[in-house]
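Step one of this worksheet: look at the structure below.
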Amino acid sequence: MSIERTPDTAARRSYDLVVVGGGIYGAMVALEATLRDCSVLLLEKDDFGGATSYNSLRIIHGGLRDLQTLNLGRYWTFGRERRWFLEHFPHLVERLPVLIPLYQRGIMRTEVFRLAFWVDRLLLPDRDRWANGMHAVPPGRVLSPSAVARQFPAVDPEGLAGGALWYDARVPDSQRLLMEVLRAACRMGTTALNYMPATRLLREQGRVKGVQAQDAGDGGTYHFRADTVVNAAGPWSREVAEHFDRGAPGLRPCLSAWNVLVDREAPGNCAVGKTPPESDHHYFLHPWKEQLLIGTGHAPRESASGSPRPSASEMDDFLGDVNAAFPDFELRRRDVLRVYAGYLPTTQPGSTQLAKKERWVDHGARGGPEGLFSVQGTKFTAAHSTAEAGMKQVVPGRSVSEEKRAAFEQMCAGRNGERGRFGYMWTPDTASSDWRSSLARLIDEEAVVHLDDLLLRRTTLGDNPTRALAVAPALCDLFAWGAERRAAELRRVAQHFPRVQPPPSVTDAYA
């Protein structure tokens, strides 16, 4: 089923549940509620997955780092979630080897990791490692210094005692995974509307009765009726909670988090983590589509009302730390192709310490409107498990029917992961109409409103900044837009790539 943007039709129905927020947490809440035979409406103020969900490091964590800190609950959860993603989205999720060079400092020692890997084998059942072929998750192991150098030739050999190698998973095209989750939910009954911000909570005698929303396109106002509302607004969950209730009990402030795509080839097939001298912050090199994605930088923010992008000084500090951890790179600002920035919850205002626990808040149990819930997540990895756990509060007594479970698994078994995916260096063949046809289908099926929706959040065309700017004028031909709208859409695309100039062949289109 397509994701149909028909607010007039949607407003004529009533729902069991309205989800406010269309990031990965909102999409997973919609999916899990629909699996439990709830009628669901999802409202997103901008485009689906356009904020933190789009700007992640694209890694599904397996929990080993939580085992090191003895956070066993999180360790088990992440191990199960790694398996869930690998099994349900095998064409979009793949295993990722992770390498940590060890210099016998603090807990980053060979003997500590040998113990951790032994405990990992003991605690994580074989069923949580099982998957077919390249999706299997072998146990971690400690490597010799020479083996580390073979895996990561740029390693600093001075004082190197060995390395820890284990397997997480990655989602190279996280935007497509989110859209496939949303498509599955809509196929089973969810209605999803993007560019539809919820402006007011409707209530009667202290109970939720739905939400009022305003179409960001034509300004139309709609009332959507439901007895339960879930605030899954991600970085804006506190603001939405304060707007819908008297406050935001239990919801944490946010910090800025960013990952950087640099103009360097990946130095190996492993993700490599290292801490700069005199720091406890780990930076990871992620070999992403034969390019190098580096993360994650953090900086405090007073609120999520501004931009999460790092300032010039914050970027300089980030690059300085990365260069201290990996001295051979000598990165400069001119090497940065793209900054992926979003917000994540922190432990307290002004801190750069990430919160480690996802939270559900039942506002009715705290004196607020009955039927209003808020969820605040931390990692892409935890979105499914958090949504699944929250259903016990939001729709108690409802379970996943065998019919719905089988339908979802059948959807996952198809090769739907091929939609919208293009190689990093792909360029359109002007003599072929196939790529135009496939993009036209996505426009029709996935509620594409703006050109950057198609480039960035429905396809992988925006992964390569130079290619994105080059193909954008041709993509406008897929829409029934006049000259003024085309120019506005191209300006909107260019704002996403401030560090890259359009190729000379299309420069006039951006004038």
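The values are calculated or read from the model by the stated rules, or taken from the named source; none is laboratory data. A quick note: this is a predicted structure, and the numbers were derived from the prediction, not measured. In this analysis, Cβ positions are derived from the backbone assuming ideal geometry, glycine residues included, and neighbour counts consider all displayed protein chains. Surface areas here come from the heavy atoms of the whole protein model, side chains and all, with no ligands, DNA or RNA. Shrake-Rupley method; radii C 1.70, N 1.55, O 1.52, S 1.80 Å.
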Tell me, what % of the accessible area of the range 330-374 is carbon and sulfur with a 1.4 angstrom probe?
-> 39
Between residue 156 and residue 280, what FRET efficiency comes out of the Förster formula 1/(1 + (r/R0)^6) with R0 = 25 Å and r the beta carbon distance, rounded to 0.05?
-> 0.85
Where the Cα atoms of the range 382-448 are projected onto their three principal axes, how long is each span, largest first, in whole Å?
-> 56, 24, 20
For residue 52, list long-range residues whose amide hydrogen, built 1.01 Å from N in the peptide plane, is under 5 Å from its own amide hydrogen.
-> 343
Given that compact globular proteins tend to follow 2.2 N^0.38 Å, what is the ratio of the alpha-carbon Rg of the range 138-217 to that value?
-> 2.16
Got a sec to turn the phi values of the range 54-66 into Karplus ³J(HN,Hα) couplings, 6.51 cos²θ - 1.76 cosθ + 1.60 with θ = phi - 60°, whole Hz, x for Gly and Pro?
-> 6, 9, 6, 7, 6, 10, 9, 6, x, x, 4, 5, 6
With only Lys, Arg, Asp and Glu charged, each at its Cβ (+1 for the first two, -1 for the last two), find how big the charge dipole of the range 93-243 is about the Cα centre; round to the nearest 20 debye.
-> 340
Amide H contacts under 5 Å for residue 102, placed H, 5+ residues apart = 161, 162, 163, 164
Between the range 275-319 and the range 455-511, the alpha-carbon center distance in angstrom = 27
Whole-Å semi-axes of the ellipsoid equivalent to the range 407-511 (Cα gyration tensor, √5λ, descending) | 25, 15, 13
Once a ≥ b ≥ c are taken as the square roots of the eigenvalues of the Cα gyration tensor of the range 193-335, is the result rounded (a/c under 1.5), prolate (a/b larger than b/c) or oblate (a/b not larger than b/c)?
-> prolate
Given 258-268, 368-378, the highest-first ranking by average Cβ count within 10 Å works out to 368-378, 258-268
Search the structure for amide H atoms under 5 Å from the amide H of residue 338, placed 1.01 Å from N in the peptide plane, and list their residues when 5 or more places away or on another chain.
-> 261
Could you go through the range 36-48 in sequence order and give the Karplus-derived ³J(HN,Hα) for each residue, using 6.51 cos²θ - 1.76 cosθ + 1.60 with θ = phi - 60°, rounded to whole Hz, and x for Gly and Pro?
-> 9, 6, 8, 7, 10, 10, 10, 10, 10, 6, 10, 9, 4
Could you work out, for the range 226-267, what percent of all Cα-Cα pairs fall into each 5 Å distance bin, beginning at 0 Å and stopping at the bin that holds the largest distance?
-> 5, 17, 20, 15, 9, 7, 7, 7, 6, 4, 1
When the Kirkwood radius is taken over all Cα pairs of the range 11-126, what Stokes-Einstein diffusion coefficient follows at 20 °C and 1.002 mPa s, in µm²/s?
-> 125
Count the lysine pairs in the chain whose Cα atoms sit under 18 Å apart, keeping only pairs 8 or more residues apart in sequence or on different chains.
-> 4
For the range 266-352, run through the trypsin sites (Lys or Arg not before Pro) and keep only the ones in DSSP coil with at most 14 other Cβ atoms within 10 Å of their Cβ.
-> 332
Ratio Rg/Rh, restricted to the range 256-402 and using Cα atoms, in which Rh is the Kirkwood radius = 1.08
Gap in Å between the Cα centre of the range 56-99 and the Cα centre of the range 339-387?
-> 19
Which percentage, to the nearest 5, of the DSSP beta bridges contained in the chain is antiparallel?
-> 75
For the chain, what is the mean residue ellipticity at 222 nm derived from helices alone (per DSSP H run of n ≥ 4: -39500 (n - 2.57); sum divided by total residues; nearest 500 deg cm²/dmol)?
-> -9000 deg cm²/dmol
If you place +1 on the Cβ of every Lys and Arg and -1 on the Cβ of every Asp and Glu, how big does the dipole about the Cα centre of the chain come out, in debye to the nearest 20?
-> 820
Write out the chymotrypsin sites (Phe, Trp or Tyr not before Pro) in the range 391-499 meeting two conditions: DSSP loop, and at most 15 other Cβ atoms within 10 Å of their Cβ.
-> 424, 426, 481
Treating every alpha carbon of the chain as one equal point scatterer without solvent, the Debye formula yields log10 I(q)/I(0) values at q = 0.06, 0.07, 0.10 Å⁻¹ of -0.28, -0.38, -0.81
Given Cα pairs under 8 Å that are at least 6 residues apart, what percent is the relative contact order of the chain?
-> 19
With θ set to phi - 60°, apply the Karplus curve 6.51 cos²θ - 1.76 cosθ + 1.60 along the range 344-351 and write out the HN-Hα couplings as whole Hz, x wherever there is a Gly or Pro.
-> 9, x, 10, 6, 7, x, x, 8
Within the range 385-453, trypsin sites (Lys or Arg not before Pro) in DSSP loop having at most 11 other beta-carbon neighbours inside 10 Å = 415
Might you tell me the accessible area per residue for the chain, computed with a 1.4 Å probe and given in Å²?
-> 42
